[in-house]
Structure formats: C-alpha cells, structure tokens
Amino acid sequence: MTTTEPWGPAPDGLDRPYWEGLLEGELRLQRCTGCSTWIWGPQAICGTCHGFDIGWETVEPVGTVYSWNRSWYPYMDEYADKLPYVTVLVELPHAGGRRVLGILTDDIDTNPEIGDPVVGVFEHTEGATWPLLRWRRTGTTEEGEQR
C-alpha cells in the first residue's frame, strides 16, 4: 500500500499492527509475552528479557499529560495551516505507564497541565490512507469546547 502521507507503517513493517489498529479504532502497543513488559516504540526484541516473543495488545486510549509543547513551526506540510499546535506526551496507565506522543485537539489557547486526563480520538482525514491518534482533555468536546 503506497501512501502520500508522511505517516503510516515503516518500510520494515514492524509497526504495521499499530496502524492497522488505528484503522479499527484501537490503540495497539507491543507487549513481551515472556516478561509482560509493555514496549513502545515498536521493537523486534524485548529490552527487558531480550525475548523475541512479542505480541500486540489493544490498550484503552486514556491517560494523563506527562509533558507538552506548543509548536509554531510546521514540521510537516500538513500542519502549515494549523499553527500553532500542541504536542502532548501521554502516559498510559493501562500499558504499564508507557508514553506516546500525539497532537492535542482541544482548546490550544489554554495550556495543558501535567497530569491533565486525556482520551484518544482516532482522526481519519479525508483522502488519507492511515488515521492518526489525537488526544483530547476529558471534559471537552471534540470541537475543543468545555463541557
């Protein structure tokens, strides 16, 4: 499958189950079947026990803001008309505290705070092959308005 987006599965296919999960509205992360260590980003070997028996598990896309950054530079052309945007590093309690990056979709004029609860939103842009995982603070609507 060829895409024009600068995102999607890596050429080696190691992260393909992650992207296929997003297509199905699921967040999938690797987990070692030998020692139960959660792994992110995708790896061919467990860094804890050095086992090769690594599977993919669905994780509830909820967590807390561990860190964040407001970007004024469009690192991808697709963001040129969306400046500024806020990137959050989200800690996932249902995945052993692993942390994943994503764009915050709600009111970016209000700074997120460390520990803010967030929920994953699966965004499928028209014409794109692969969806993206975005984050929204709980207590806001998908349009970014306070409830």
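Annotations
- Leading residue by the ranking (nearest to Trp7 (Cα to Cα)) among those in region 82-127 that are charged (D, E, K, R) and within 17 Å of the chain's Cα centre (by Cα): Glu123
- Pro11 passes every criterion in (1) outside any strand (DSSP E or B); (2) open to solvent by 70 Å² or more (accessible area, probe 1.4 Å); (3) modelled with pLDDT of 95 or more apart from (3).
- Boolean, Thr125 is within 18 Å of Tyr18 (Cβ to Cβ), surrounded by 15 or more Cβ atoms within 10 Å (Cβ to Cβ), polar (S, T, N, Q) and modelled with pLDDT under 95: no
- The single condition among (1) of a type in the set (A, V, I, L, M, F, W, C); (2) open to solvent by 50 Å² or more (accessible area, probe 1.4 Å); (3) outside any strand (DSSP E or B) that Cys46 does not meet is (2).
- Any pair with Cβ under 6 angstrom, 6 or more apart, that starts in region 34-54 at a residue that is within 19 Å of Val90 (Cα to Cα) and ends at one that is in a loop (DSSP other than H, G, I, E, B) and of a type outside the set (Phe, Trp, Tyr): Thr37/Cys46; Thr37/Thr48; Trp38/Gly96; Trp38/Arg98; Trp40/Arg98; Pro42/Leu14; Pro42/Asp15
- Search result, residues across region 33-64 that are of a type in the set (D, E, K, R) and in contact with an Asp or Glu (Cβ under 7 Å, 6 or more places away or on another chain): none
- Condition met for Gly115 (out of contact with any Asp or Glu (no Cβ under 7 Å at 6 or more places or on another chain), farther than 23 Å from Ala10 by Cβ and modelled with pLDDT of 90 or more): yes
- One residue stands out in region 20-43 among those that are part of a loop (DSSP other than H, G, I, E, B) and in contact with a Ser or Thr (Cβ under 6 Å, 6 or more places away or on another chain): the one that is surrounded by the most Cβ atoms within 10 Å (Cβ to Cβ), namely Glu26.
- Count of region 94-112 residues, restricted to those that are among the hydrophobic types (A, V, I, L, M, F, W, C), at pLDDT 90 or above, touching a Phe, Trp or Tyr at 6+ places or on another chain (Cβ under 8 Å) and open to solvent by 20 Å² or more (accessible area, probe 1.4 Å), is 1.
- Residue check, Ser67 surrounded by 13 or more Cβ atoms within 10 Å (Cβ to Cβ), touching a Phe, Trp or Tyr at 6+ places or on another chain (Cβ under 7 Å) and at negative phi: no
- Only residues that are in a loop (DSSP other than H, G, I, E, B), surrounded by 16 or more Cβ atoms within 10 Å (Cβ to Cβ) and either of a type in the set (D, E, K, R) or at pLDDT below 95 (or both) were counted across region 49-64, and they come to 0.
The values are calculated or read from the model by the stated rules, or taken from the named source; none is laboratory data. What you are looking at is a predicted structure, and each value in this text was computed from that prediction instead of being measured. In this analysis, Cβ positions are derived from the backbone assuming ideal geometry, glycine residues included, and neighbour counts consider all displayed protein chains. Surface areas here come from the heavy atoms of the whole protein model, side chains and all, with no ligands, DNA or RNA. Shrake-Rupley method; radii C 1.70, N 1.55, O 1.52, S 1.80 Å.
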